[in-house]
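Have a look at the structure below before the remarks.
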């Protein structure tokens, strides 16, 4: 009875040696075969057949061979130079992109210097006290600053477009590499399956010499290593592809956020101009009327304390309660409480999908086990603990609580949070722990920003952008970063009022 057809498992073959001469299992036989030879030696049939099967696949797996590819696995002839031409074109293109990016960065640096000048004017007017002339000058400076910020956002959008184009090209190349390697492996497995149908007698007749058999065995070990390398390369390429796809999704999010903030800046210019016109109409240019109006509109300390503070991750506190948490975190880290509050304030966030999804639909696969372990430690039901949602472009969500940390980031700071708050384990959904975690992250981010910038406002803008976007922070200097800085300045005034 014929045995059923089935593929062999190549993973069971164990390598037994290093390099050996190249051997063609299906080459021409020697001129004569002595059928009367009586030498007898024992060869385990299963191992011999496995060796012979893998040897038959040599032509498909010798990726590093100096011989020109001649099978259907390869799409280019040995003399094809189109690859070299493409590589040269790619190098030239990358050089052009780098030059454009450098030019854009120079323009951004110039705009940054001009914006800082206007901010210095605004700060100076605020320090001089509230006068009608100073307030009008401050509003004019704010309008000029906002116009420059819109220009900075335009340049940022151009940079993002270049990043997206470059990432898309990298994705196409990586996908092509994956397809090529999968085709090669697939053809190899098909060949192995077909070779498996060769009888043991036929295989033995094609390999009559004992020395050839052992040389073949050593070559098989090399081939098995090549197979293992090819599979690992394919796995690595697929991991790279996933990372690049996430980078592309993040860049699309960056672009959408920048466009949204640009619209908000344009609206703020209009509102600031209206406020200026209204102020002039109400005061008719008279300082006394301005001072009376200022007294009327200034919020009292009691009003500020009772104002509702909306947390970015959901929930709310009075401003007095929020300040107490921020002050505690500030005392442990040295980060200004107004900056902590600005980062945790819902209005400083550009995203809309905060704390509305479950981990199953939002979180990256690598963070899910960490999330489940964390909720188990805290005695919480993971199915009811909401996290941030993924965006429309496919970038993962999964950020937790007021600080909006994903599980892997939370684990980096959990021990430090515990040592400050005394909670063991700390919880990302507990306000005292979340405020402290935010302050710790800001402290680390600020250290990196101090190596790049010298002015405090630039450092804080950079710190906030890193908190929000990590490695993409440069795309958020004039969106999230600037929003946080503006918000922090307002909170600083409120804090001064309630602590005076």
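Values quoted throughout were computed directly from the atomic coordinates according to the rules given, and no laboratory measurement underlies them. What you see is a predicted model; the values in this text were computed from it and never measured. Positions of Cβ are backbone-derived with ideal geometry, glycine not excepted, and every protein chain shown enters the neighbour counts.
For the reader, a short list of remarks on this structure follows.
- Note on residue 381 and residue 102: their simple-model spin labels are 5.9 nm apart, each label 7 Å out from Cα toward Cβ.
- Length added when fully stretched, residue 232-residue 171, from 0.36 nm per residue minus Cα-Cα: 20.1 nm
- Report note on the peptides 278-289, 423-434: ranked by the mean count of other C-beta atoms within 10 Å, highest first, their order is 423-434, 278-289.
- Pairwise label distance in nanometres, residue 110 with residue 456, each label 7 Å out on the Cα-Cβ vector: 3.0 nm
- Two-site FRET efficiency, residue 133 against residue 423, from Cβ-Cβ distance with R₀ of 41 Å, rounded to 0.05: 0.20
- Backbone N within region 107-126 under 13 Å of label point (7 Å from residue 280 Cα along the Cβ vector): none
- Calculated FRET efficiency for the pair residue 240/residue 372, C-beta based, R₀ 22 Å, to 0.05: 0.25
- Spin-label model distance (nm) - residue 183 vs residue 287, 7 Å beyond Cα toward Cβ: 8.2 nm
- Packing-based ranking, highest mean first, of 237-245, 363-371 given that Cβ atoms within 10 Å are counted: 363-371, 237-245
- A Cα-only calculation for region 308-460 places Rg and Dmax at 15.3, 46 Å.
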